[in-house]
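Okay, so here's the structure we're looking at.
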Amino acid sequence: PVNDNTAALVRTYPDKLIGFLAVHPDAPDALEEMERATGDLGLRGVKLGPNYQNFDPLGEAAFRVYRRAQERGLPVLFHTGTSPVQFADLDYAHPRHIDRVAMAFPRLKIIMAHMSHPWQTDCICVVRKHPNVYADISALFYRPWSHYNCMRLATEWNILHKLLLGSDYPVATPAETIAGMRSVNEPVARAGLPLVPEDQIEAIINRDSLDLLGLG
């Protein structure tokens, strides 16, 4: 039903929305549901949350899903990073696992949500290493000092061009996220510390993420 609901919402605003399907890798009909959701429903990517869905991101069942996504040219958006949900396994959401996924499926387009906060450094290492791995900046601006440090590390490791705009909606709107991105240097404005390049912040805000992910 979740994929049918997503497809119905996309049909309401077809010129503005692109739908991503959801499956549980352990479900016996996971591959069949991927075919139905893309073929019949027109969804064009996959959203997975290994910690919330409680599946091993390096398990055999998950690899079936990644393999099919790679074959079909479907980008996969992973929830990565922390969660306030007590029984959501933090290890399953650690960005180091994505390194092994990307090695096994080098043509698979992968986005790590939230830059894997608070493991942004690990996320940056994985994004830098793999040509088809990206990260989005959703939810980072909630914590200004962490946000600044994350974006400075991304600057120093030269991966700003692989960061995508994401809003974490409905927790934050796109407008709030953009305003937060443009305020990234405020915590150090009078401290003499190095700034995050403002032109690169604007590039993230205006980047054609759909073209990068093959969804244009």
For this session: Check off (1) under 24 Å from residue 98 (Cα atoms); (2) in a helix (DSSP H, G or I) for residue 11 and give me the number that stays unchecked.
Result: (1)
For this session: Could you grab the pairs with beta carbons closer than 6 Å, sequence gap of 6+ or different chains, first residue in region 1-30 and under 19 Å from residue 65 (Cα atoms), second one of a type in the set (Phe, Trp, Tyr) and open to solvent by less than 30 Å² (accessible area, probe 1.4 Å)?
Result: 25/55; 26/55
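Do we have residue 45 as within 17 Å of the chain's Cα centre (by Cα), surrounded by fewer than 16 Cβ atoms within 10 Å (Cβ to Cβ), within 23 Å of residue 212 (Cα to Cα) and touching a residue at least 60 places away in the same chain (Cβ under 8 Å) here? Give the steps one after another, and end with the answer.
Numbers: within 17 Å of the chain's Cα centre (by Cα): yes; surrounded by fewer than 16 Cβ atoms within 10 Å (Cβ to Cβ): no; within 23 Å of residue 212 (Cα to Cα): yes; touching a residue at least 60 places away in the same chain (Cβ under 8 Å): yes.
No, not satisfied.
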Exercise. Just to be sure, is residue 62 open to solvent by less than 30 Å² (accessible area, probe 1.4 Å), over 28 Å from residue 176 (Cα atoms) and in a helix (DSSP H, G or I)?
Worked result: yes
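Yes/no per residue for (1) farther than 17 Å from residue 123 by Cα; (2) over 17 Å from the mean Cα position of the chain (by Cα); (3) surrounded by fewer than 21 Cβ atoms within 10 Å (Cβ to Cβ); (4) without any contact (Cβ under 8 Å) to a residue 60 or more places away in the chain:
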residue: 35; (1), (2), (3), (4): yes, yes, yes, yes
residue: 50; (1), (2), (3), (4): no, no, no, yes
residue: 53; (1), (2), (3), (4): yes, no, yes, yes
residue: 67; (1), (2), (3), (4): yes, yes, yes, yes
residue: 73; (1), (2), (3), (4): yes, no, yes, no
residue: 85; (1), (2), (3), (4): yes, yes, yes, yes
residue: 100; (1), (2), (3), (4): no, no, yes, yes
residue: 104; (1), (2), (3), (4): yes, yes, yes, yes
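The values are calculated or read from the model by the stated rules, or taken from the named source; none is laboratory data. Remember, it's a predicted structure, so these values are computed and weren't measured experimentally. Backbone-built Cβ (ideal geometry, glycine too); neighbour counts: all protein chains shown. Only protein heavy atoms, including side chains, enter the accessible area calculation; ligands, DNA and RNA are left aside. Shrake-Rupley method; radii C 1.70, N 1.55, O 1.52, S 1.80 Å.
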